[in-house]
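Working notes, structure below.
The values are calculated or read from the model by the stated rules, or taken from the named source; none is laboratory data. Fair warning: this is a prediction, and the values are worked out from it, not measured in the lab. Cβ coordinates were reconstructed from backbone atoms using ideal geometry, including for glycine residues, and neighbour counts include every protein chain displayed.
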Amino acid sequence: MTLNPSSAPPAARVAPAVFVVAMLVVAGVAIAGTAAYFEFHPIRTTPAAHIAQNNTTNPKSTGPTTETIVDDLGRRVTVPLNASRIVVLAPSILDIVYRLGLRADVVGLGCAPTEYGLLSAYSPNQTSLWDLTPGLCINDYPTLDGQAVANDTPGLVLASTITSAADVTMLTATYGLPVVILAPNGLQGIVGDVALVASMYPGNTMALPLEVSLDGALTNASNLDTNLSDNGDPVPSALLTYYFDTGGYYTYGPGTFGESLIELAGGSNVAGSAPLTYFEMNATVVLNDEPAVVIYGTSWNDPQLVSGETVQNWTAAPYWSQLNGSVHAIDVTAITEADPSMILTLPLLEYWLQPTLQTSP
């Protein structure tokens, strides 16, 4: 299992060659491009314990009104408890917020100022499921519109490392807004982020069942991985790809969230020995490697990046008809955004990779 090393979430609307280079920029630096947050890789940090300390007590109530937490970058942030107005600056974070039943509290979202509006950051499926409207968009490219964030009068701002350090400083120093950074250190770190957000909403009844579900999915996958090793069962080679062009397939190298998903689900990453964490794997190399399982992402949100990269469009990928392994489509956000949906897709990946050992989810 490979759950930690370096990071860099890339932007979506960038030419593919630039796109790959952008993936290698260190975490915490603003990525050139749009606010389409595809968080492919665990961040290289020493994860701080998410400690909480009551700060301010309302004399008219029996409980505190604020607490100090430690976010994923080790920053101590004093936040209001049960903030009723939230600005969310990454789709992976909105996935957590939605699953905790807090969607109605969201008053603003980071989106690029393009003709695609919400689709610069959120897929059509996410937009529909989360009931998102253009009025929620806050310009966050090339820099975040701090005044627009402040105009929404949020009690809490939740951001990923795609939000630059300068923008975080602007929000905190200029506008006095509490900004919490979520940057999970591997798949288990996603569960920690659920707990962190839930700690700011004491009494939330959806947090524990969600954490139990996520821990269960990770435990089951880990047990499968261990049993395969102990029993010497065959481990199929797998290609997990989120984009293609005429040259080949964009995929995940060593130490990435993508590789973690493959290995936990009972497969072996065909790109596991690649010299880069994210790169285009030459189509001829893919054909020669003969992956036993091909899992590919569809439903890209940004029509300018991929013109509706649908199941049908993938048939135009190089040598597609000559790939002899089983081929499966999955919503690209499930394999590119480090959030609960990524963990909850593991049973499906396990079934595709180990169909004789796993039942259909």
Before we move on, is G146 over 19 Å from the mean Cα position of the chain (by Cα) and either closer than 16 Å to A90 by Cβ or without any contact (Cβ under 8 Å) to a residue 40 or more places away in the chain (or both)? yes
Looking at the range 220-232, can you tell me whether even one residue there is exposed (fewer than 15 other Cβ atoms within 10 Å of the Cβ), out of contact with any helix residue (DSSP H, G or I) (no Cβ under 8 Å at 6 or more places or on another chain), acidic (D, E) and closer than 23 Å to P355 by Cα? yes
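Kindly establish whether V168 is in contact (Cβ under 8 Å) with a residue 12 or more places away in the chain and under 30 Å from L261 (Cα atoms).
No.
Kindly indicate the residue of the range 143-181 that is in a loop (DSSP other than H, G, I, E, B) and β-branched (V, I, T) and also nearest to T78 (Cα to Cα) among those meeting that condition.
Of all residues in the range 143-181, those in a loop (DSSP other than H, G, I, E, B) come to 143-145, 152-155, 160-164, 175-178.
Imposing the further condition that a residue be β-branched (V, I, T) reduces the set to 143, 153, 161-163.
Details: T143: 25, T153: 16, T161: 19, I162: 21, T163: 19 Å.
Within the range 143-181, the match that is nearest to T78 (Cα to Cα) is T153.
Evaluate the following for V97: is it assigned to a strand (DSSP E or B), among the β-branched types (V, I, T), at pLDDT 95 or above and closer than 21 Å to V168 by Cα? Spell out the reasoning first.
Details: assigned to a strand (DSSP E or B): no; among the β-branched types (V, I, T): yes; at pLDDT 95 or above: yes; closer than 21 Å to V168 by Cα: yes.
Criteria not met by V97.
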List the pairs whose first member sits in the range 350-361 and is in a loop (DSSP other than H, G, I, E, B) and modelled with pLDDT under 95, whose second member is among the acidic types (D, E) and crowded, with 21+ Cβ neighbours inside 10 Å, and whose Cβ atoms are under 6 Å apart, counting only residues at least 6 apart or on separate chains? Q358/E350
